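Asker: Below you will find the structure I want to go over with you.
Where a number appears in this text, it was derived from the coordinates with a stated rule and is not lab data. Computed from a predicted structure; not experimentally measured. We place every Cβ from the backbone using ideal geometry, glycine too, and count neighbours over all the protein chains shown.
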Amino acid sequence: MSHKAGFVNIIGNPNVGKSTLMNAFVGEKLSIITSKAQTTRHRILGIVNGDDFQVVLSDTPGIIKPAYELQSSMMDFVKSAFEDADVLIYMVEIGEKALKDERFFEKIKNSTIPVLLLLNKIDVSEQGILEEQVQYWQEQLPTAEIHPISALQNFNVKEVFMRILELLPEAPPYYPKDQLTDKPERFFVNETIREKILQFYKKEIPYSVEIDTEEFFEDEDIIRMRSVIMVERDSQKGIIIGHKGSALKRVGVEARKDLEKFFDKQVHLKLYVKVNKNWRSDPNQLKRFGYNQG
Ligand SMILES: Nc1nc2c(ncn2[C@@H]2O[C@H](COP(=O)(O)OP(=O)(O)OP(=O)(O)O)[C@@H](O)[C@H]2O)c(=O)[nH]1
Ligand SMILES: [Mg+2]
């Protein structure tokens, strides 16, 4: 039997719906999703397996011009997604005109691998605007194949997946057929907590936070987790904790609910807050938290 396999890497500006699309393809919530830009900080694999195919999707951070070391590492993940792609998905949202860093656009333009340009969020656009947008992108990237979609409402997502299968080469699987992702369990604990922080706190707070799950212990009927929320400054610690601990408690309760769904098991989650001065500008700290190209 012939078998198709390959890497399909999703890139684009922040907040266009890259993670929403990957989760829709995989059918699991592997990547966290929020209405804020720079939600995704890592390159996260989502593997879709069939009897005669294996599609290895990569969700990547939104493209930005880096202002500090963490963001440079995030852009290294995006660069790496150009290197091993068999198919490149360039996602834009309705109304968007250009990448936040145009050097990446040059890379897409010069790409020798197939590019699928997915025009996302068409559920919030009118027909006239959609046609105008398709024409605009056709002029910008004549070699790309354009597909209007709604990742959120699962519109045209299956059709795009079928097209990906056509484009993939004949190859044996890269990962075991029961594997869903490349990330360990603790990563998903970190990300679930960070999602709540993105949702509940304002301004700079979510961008100053990193999570480190120090304990993950699976018992017969419960998983016990202990995670540290790291902030950059003392004042941020107080904000995370909130009046009499109420804000932190809310993070814990909401994260636990999601983790119980994700692991399909009862969860006990303990949260601590620590100040780790300027962690996001410190290459050694960043390495420890997995922001390096190994
Ligand atoms: N209306 C609409 N909203 C969408 C669609 N797809 C995603 N969104 C919303 O857009 C926001 C961003 O979605 P994400 O999937 O987190 O976007 P992203 O590109 O991964 O963002 P970063 O990780 O920050 O780069 C969320 O509020 C989603 O619910 C869509 O098809 N239609
Ligand atoms: Mg994302």
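Asker: Rounded to the nearest 5, what % of the DSSP beta bridges within the chain are antiparallel ones?
Answerer: 35
Asker: Ok, one more. Picking from Arg280, Arg194, Arg250, which is most flexible by a Gaussian network model of the chain using Cα springs under 10 Å?
Answerer: Arg250
Asker: In whole Hz and in residue order, list the ³J(HN,Hα) couplings for the range 251-257 that follow from phi through the Karplus curve 6.51 cos²θ - 1.76 cosθ + 1.60, θ = phi - 60°; x for Gly and Pro.
Answerer: In residue order, the calculated couplings are 4, x, 5, 5, 5, 4, 4 Hz.
Asker: Give me Ser246, Ser73, Ser19, Ser80 sorted ascending by neighbouring Cβ count inside 10 Å, so fewest comes first.
Answerer: If I rank by nearby Cβ atoms, fewest first, I get Ser246, Ser80, Ser73, Ser19.
Asker: If I build a Gaussian network model for the chain, linking alpha-carbon pairs within less than 10 angstrom, which residue out of Ser35, Ser235, Ser111 has the largest mean-square fluctuation?
Answerer: Ser235
Asker: What are the residues whose amide H is under 5 Å from the amide H of Asp182, where those residues sit 5 or more places off or on another chain and H is modelled from the backbone?
Answerer: Amide H to amide H, under 5 Å and 5 or more residues apart or across chains, Asp182 pairs with Leu45.
Asker: Then there's this: Which of the lysines could a cross-linker bridge to Lys4, judged by Cα under 22 Å and excluding same-chain residues fewer than eight apart?
Answerer: Here the lysines satisfying the reach criterion relative to Lys4 are Lys158, Lys177.
Asker: Helix 185-200 against the longest principal axis of the chain: what's the angle in degrees, Cα atoms only, rounded to the nearest 10?
Answerer: So the inclination is approximately 90 degrees.
Asker: Looking at this model, which pairs from Lys36/Lys257; Lys79/Lys257; Lys203/Lys257; Lys107/Lys196; Lys183/Lys257 are more than 32 angstrom apart at the alpha-carbon?
Answerer: Result: Lys79/Lys257; Lys107/Lys196 exceed 32 Å.
Asker: Using only Cα atoms, tell me the angle between helix 69-83 and the longest principal axis of the chain; keep it within 0 to 90° and round to the nearest 10.
Answerer: Taking the Cα atoms of the chain, the angle to 69-83 is about 30 degrees.
Asker: Hey, another quick one. Starting from the Cα-Cα distance between Glu170 and Glu28, subtract it from 0.36 nm times their residue separation and give me the gain in nm to one decimal.
Answerer: Answer, rounded to one decimal: 48.5 nm.
Asker: Let me ask you something else. Taking amide H positions as placed in the peptide plane 1.01 Å from N, state which residues far from Glu93 in sequence (5 or more) or on other chains have amide H under 5 Å from it.
Answerer: Asn120
Asker: Hey, rough spin-label estimate for Ser35 and Ile205, points 7 angstrom out along Cα→Cβ, what's it come to in nanometres?
Answerer: 1.6
Asker: So how much slack lies between Asp101 and Gln179, counting 0.36 nm per residue of separation and subtracting their Cα-Cα distance, in nm?
Answerer: Residue separation times 0.36 nm, minus the Cα-Cα distance, leaves 24.7 nm.
Asker: Using only Cα atoms, locate the centre of the range 68-101 and the centre of the range 11-56, then give the distance between them in Å, rounded to an integer.
Answerer: 13
Asker: Given all pairs of different Cα atoms, what value in angstroms does the Kirkwood hydrodynamic radius of the chain take?
Answerer: When all Cα pairs of the chain are included, the Kirkwood radius is 20.2 Å.
Asker: Right, here's the next one. With Rg and the Kirkwood Rh both taken from Cα atoms, where does Rg over Rh land for the range 1-132?
Answerer: 0.97
Asker: Moving on. I need the phi-derived Karplus couplings for the range 276-288: 6.51 cos²θ - 1.76 cosθ + 1.60, θ = phi - 60°, integer Hz, Gly and Pro marked x.
Answerer: Karplus-based 3J(HN,Hα) across the range 276-288 equals 10, 3, 6, 4, 7, 10, 10, x, 5, 4, 4, 4, 4 Hz.
Asker: Another one. Of the candidates Ala255, Ala85, Ala98, which one comes out as most mobile in a Gaussian network treatment of the chain with C-alpha springs shorter than 10 Å?
Answerer: Ranking Ala255, Ala85, Ala98 by mean-square fluctuation puts Ala98 first.
Asker: So in the range 185-288, what percent of DSSP beta bridges are antiparallel if you round to the nearest 5?
Answerer: Among the beta bridges of the range 185-288, antiparallel pairing accounts for roughly 45 percent.
Asker: Could you derive backbone 3J(HN,Hα) for the range 46-52 from the dihedral phi with the Karplus parameters 6.51, -1.76 and 1.60 (θ = phi - 60°), listing whole Hz in sequence and x where the residue is Gly or Pro?
Answerer: x, 9, 10, 10, x, 4, 10
Asker: What are the residues whose amide H is under 5 Å from the amide H of Lys4, where those residues sit 5 or more places off or on another chain and H is modelled from the backbone?
Answerer: HN-HN under 5 Å from Lys4: Phe53, Gln54, Ala171.
Asker: Could you state the orientation-averaged shadow area of the convex hull built on the Cα atoms of the range 185-288, in nm² to one decimal?
Answerer: 6.4
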